[in-house]
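A short write-up of the structure that comes next.
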Amino acid sequence: MKTHLSTAIRLTLVMLVLLVVIYPLVVAGIARLAPGSGKGETVTVNGKIVGYKLIGQAFTQDRYFNGRPSAVDYNAAGSAGSNKGPSNPDYLKTVQARIDTFLVHNSTVQKSAIPAELVTASGSGLDPDVSPTAAKIQNARIAKIRGLSAERLNQLVDEQTKGPLLGLFGPSTVNVLALNIALDTLK
Amino acid sequence: MTTEWLGVIAMYAVAVLLAIPLGKYLARVFKGDPTLTDFMKPLERFIYRLGGVSETADLNWKQNLAALLTINVVWFLLAFGFLLFQGILPLNPDGNPSQTPDLAFNSAISFLVNCDLQHYSGESGATYLTQLAVMMFLMFVSAATGMAAAVLLFRSFLPERSETVGNFYVLFTRSITRVFLPGSLVIALILAFNGTPASFDGKDTIVTLQGDTVNVSRGPAAGMIAIKHLGTNGGGWFGANSAHPLENPNYLTNMVEMIAQMVLPIAMIFALGFFINRKRFAWVIYGVMTVGMLLLLIPTIVTELHGNPAIAQLGIAQPTGAMEGKEVRFGPLASAYWSIITTIISTGSVNSMHDSSMALSGAMELLGMMVNAFYGGVGAGLLNFYYFLIITVFISGLMVGRTPELFGRKVEAREIKIASLVALLSALLVKGGTALAAWVFIQYNNVDWVVKPSAWLNNPAFHGFSEMLYEMTSANANNGSGFEGLGDNNIFWNVSTGFILLLGRYVPIIGPVAIAGLLAKKKYVPESSGTLPVDTATFGLMIFAVIVILTALSFFPALALGPLAEYFSLK
């Protein structure tokens, strides 16, 4: 037992140096070559940082494309989902309220066309994306407020749509922050 | 939709295609045969010299268990100390507080046993020091412990009769230098180049396009997220785990993280086949486990793609499926797939919130953890499978009137007693634990804990019961995923799951290693026409039946009270 204890302590110290000091420093060092230097890639508009490329942010105004509901109000220092079960009556009331609000702000949209992602909270509370369908369904509202044609917005969403990986794997997505920045540049 | 199916199929296919050559490689590494990574040998010798390990000494099973348990105690003390004082120790740029004693106890054990149940959130409950020196460190060493223990077991299948079964320290070190460290480095860099932070900078503050001020948590996360999957650990750097956009930035990283967590558990099965030169036997095990996986996966996918019936009644569209707790960049299909893989192989990382899974999916996730041997964690999966194997050999031996034997060694009363005790223990821990929690919830509703029992549950009725059942099941299976709505950071959950974690880890290691040690000492009787062959489909079917009877049926009443009741109430 005594020999085991001495070996255990010594082996632990060696492993601490290898795994906790050397390994993370090597990763951090090489990651300096990555986009954003391993600090997280930021997005700049007119020389001002307006967000992180991957982190969703709240868009509640009608003049912007809205992202998904967030259980933590897009708090990027406290990510979480709602953890509401599918049968929870209070939760279903919340979803109903979101549907009603959406219909008030998008009066031309049929209820049966609202995609679930726009009235359900994401897993992280920081989902940066929506599907192209969920973006385009907001076109009429934004077109009216900004005096743009719905056609032009349709085109914008298509431009901002990221297809499946290699064209083969996974869903198509639209980054809401990038979409709204592009929207602001439209005349 | 087609591309989503292709994504899931590719994730599985790549994992299996990598696992076969990797299994061969692992077998060579653990036998000490020449491999491509022999350039690590000088580093290993250096580690042995500093650590005081004799590379050539073979130990018997009791010595190996003593070595394994002693070093685990050292790790626990180290982790507990760091967590208790993390608030005043360096590398705490966000100024997070120290963990309370009961939380530190739970966190230390949880990572020590490769579970990674987290009763804190990474952004606010840990520091960069503890994320690296406690969580990430334990991820490496607990995975290597599991792998070493499984290889000790492999040795007992070999025909040579021996007192010794190998050297824990050597197997442990090689697991790190030949598998986990190089593998993690590659994965960490893929993640870093796709947007996962790796630098030591603290929180950043930004003003969004709409004008809100937001803090953004960061940190050296990439390295930890790599070993979190490769070692089937599962603990997240951020609270939302692999649903967080920095922890899992895009579909590519999702595929990488998914393949990383699957590849070693499957490779270990093939490694066994190569190690003892019984490839057919490895394919039988793989077949049984894969059928088990599919039986859990298919209903989950169907129910998630179908969407939430309660939301359908509100009259909106669910074009992709159920979206609560899921991320758009993965979609319901890849999320459903992940939720089953992470529960059958004991990773417990999540890319969607299981608490918001459909009721039937919740039942499948629970079942995956209850069986805990369909692939299973690195090493731990095979250790769990081993006691099903021993029981099956015994039962089928009795059915056909032959002496139960496994690879030329008689399986007798002592081995069966150990295997049965291990098998029964998990049912006791999960159901006993959940019963205790439900009792406290009813009887001591208002006790003055940090989270009062009356405030534990985030959902009413059947789903609330499922939250408690899931927590206990996850602890016993050393899985680490959760129905995270549960208010679990209080003395009851921290302490009760802490003890369940310990028993759920070490008993299934000690049991099989002890059986293996006992078997290895027995006389080898060459196989003859009187031997029951174990590498046939018939025997595979028998193992499957034993697994179903031992686990699925013994847990059925609990499932009926929780997710199944919810499922039928939703119709």
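The values are calculated or read from the model by the stated rules, or taken from the named source; none is laboratory data. If you're wondering where the values come from, they're calculated on a predicted model, not measured in any experiment. Heads up, the Cβs are rebuilt from the backbone with ideal geometry, glycines too, and the neighbour counts pull from every protein chain shown.
Some observations on this one:
- Here the range A:32-41 is the region considered, the condition is being assigned to a helix (DSSP H, G or I) and surrounded by 18 or more Cβ atoms within 10 Å (Cβ to Cβ), and the residue that is nearest to the other protein chains (Cβ to nearest Cβ) is A:G38.
- Being more than 7 Å from chain B (Cβ to nearest Cβ) and part of a helix (DSSP H, G or I) holds for only one residue in A:L19, A:L5, A:L13, and it is A:L13.
- Taking the numbered list (1) within 24 Å of the chain's Cα centre (by Cα); (2) of a type in the set (V, I, T); (3) crowded, with 17+ Cβ neighbours inside 10 Å in turn, B:I298 passes all entries but (3).
- In this entry, A:D184 is excluded by the filter for residues that are within 14 Å of another protein chain (Cβ to nearest Cβ) and within 17 Å of the chain's Cα centre (by Cα).
- Comparison of B:Y25, B:Y12 shows that the only residue that is under 20 Å from B:R155 (Cα atoms) and surrounded by 13 or more Cβ atoms within 10 Å (Cβ to Cβ) is B:Y25.
- Residue in the range B:291-313 that is within 9 Å of chain A (Cβ to nearest Cβ), in contact (Cβ under 8 Å) with a residue 60 or more places away in the chain and not polar (S, T, N, Q) present: yes
- When B:S346, B:S339, B:S335 are screened for being in a loop (DSSP other than H, G, I, E, B) and buried (at least 22 other Cβ atoms within 10 Å of the Cβ), only B:S346 passes.
- Enumeration of residues in the range B:197-214 that are in a loop (DSSP other than H, G, I, E, B) and more than 7 Å from chain A (Cβ to nearest Cβ): B:G202, B:G211
- Applying the set (1) touching a residue at least 24 places away in the same chain (Cβ under 8 Å); (2) away from chain A (no Cβ under 14 Å); (3) part of a helix (DSSP H, G or I) to B:V548 leaves exactly one unmet item: (1).
- All conditions in (1) under 14 Å from the mean Cα position of the chain (by Cα); (2) in a loop (DSSP other than H, G, I, E, B) hold for B:L501, with the sole exception of (2).
- Of the criteria (1) closer than 28 Å to A:I99 by Cα; (2) out of contact with any Lys or Arg (no Cβ under 9 Å at 6 or more places or on another chain), which one A:I30 fails: (1)
- Boolean, A:G29 is out of contact with any Phe, Trp or Tyr (no Cβ under 6 Å at 6 or more places or on another chain) and more than 8 Å from every other protein chain (Cβ to nearest Cβ): yes
- Of all the residues in the range A:42-58, those that are surrounded by fewer than 22 Cβ atoms within 10 Å (Cβ to Cβ) and touching a residue at least 40 places away in the same chain (Cβ under 8 Å) number 4.
- The lone exception for B:F483 - which of (1) of a type in the set (A, V, I, L, M, F, W, C); (2) over 19 Å from the mean Cα position of the chain (by Cα); (3) in a loop (DSSP other than H, G, I, E, B) it fails: (2)
- For the range A:122-180, the set of residues classified as assigned to a loop (DSSP other than H, G, I, E, B), in contact (Cβ under 8 Å) with a residue 12 or more places away in the chain and within 29 Å of A:A71 (Cα to Cα) consists of A:S122, A:G123, A:S124, A:G125, A:L126, A:D127, A:P128, A:S131, A:I137, A:Q138, A:P171, A:S172, listed by residue number.
- Residue under evaluation B:G211, criteria (1) without any contact (Cβ under 8 Å) to a residue 24 or more places away in the chain; (2) touching a Phe, Trp or Tyr at 6+ places or on another chain (Cβ under 7 Å), criterion not met: (2)
Results for (1) farther than 18 Å from B:P197 by Cα; (2) assigned by TED's automatic domain parsing to the domain that holds A:I181; (3) not aromatic (F, W, Y), shown as yes or no for each residue.
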{"position": "A:R32", "(1), (2), (3)": "no, no, yes"}
{"position": "A:N75", "(1), (2), (3)": "no, yes, yes"}
{"position": "A:P86", "(1), (2), (3)": "yes, yes, yes"}
{"position": "A:L92", "(1), (2), (3)": "yes, yes, yes"}
{"position": "A:T101", "(1), (2), (3)": "yes, yes, yes"}
{"position": "A:V109", "(1), (2), (3)": "yes, yes, yes"}
{"position": "A:I114", "(1), (2), (3)": "yes, yes, yes"}
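- Here the condition is being under 20 Å from the mean Cα position of the chain (by Cα), of a type in the set (D, E) and at pLDDT 95 or above; of A:D100, A:D158, it holds for A:D158 alone.
- Any chance B:F76 is within 12 Å of chain A (Cβ to nearest Cβ), farther than 22 Å from B:G377 by Cβ and not acidic (D, E): no
- Selected residue [within 14 Å of chain B (Cβ to nearest Cβ), β-branched (V, I, T) and either at negative phi or crowded, with 21+ Cβ neighbours inside 10 Å (or both)] from A:V119, A:V104: A:V119
- Of all residue pairs spaced 6 or more apart or on separate chains, those with beta-carbon atoms under 7 Å, a first member in the range B:134-160 that is of a type in the set (G, A, S) and modelled with pLDDT under 90 and a second member that is surrounded by 24 or more Cβ atoms within 10 Å (Cβ to Cβ) and outside any helix (DSSP H, G or I) are B:A149/B:G379; B:A150/B:G379; B:S156/B:V165.
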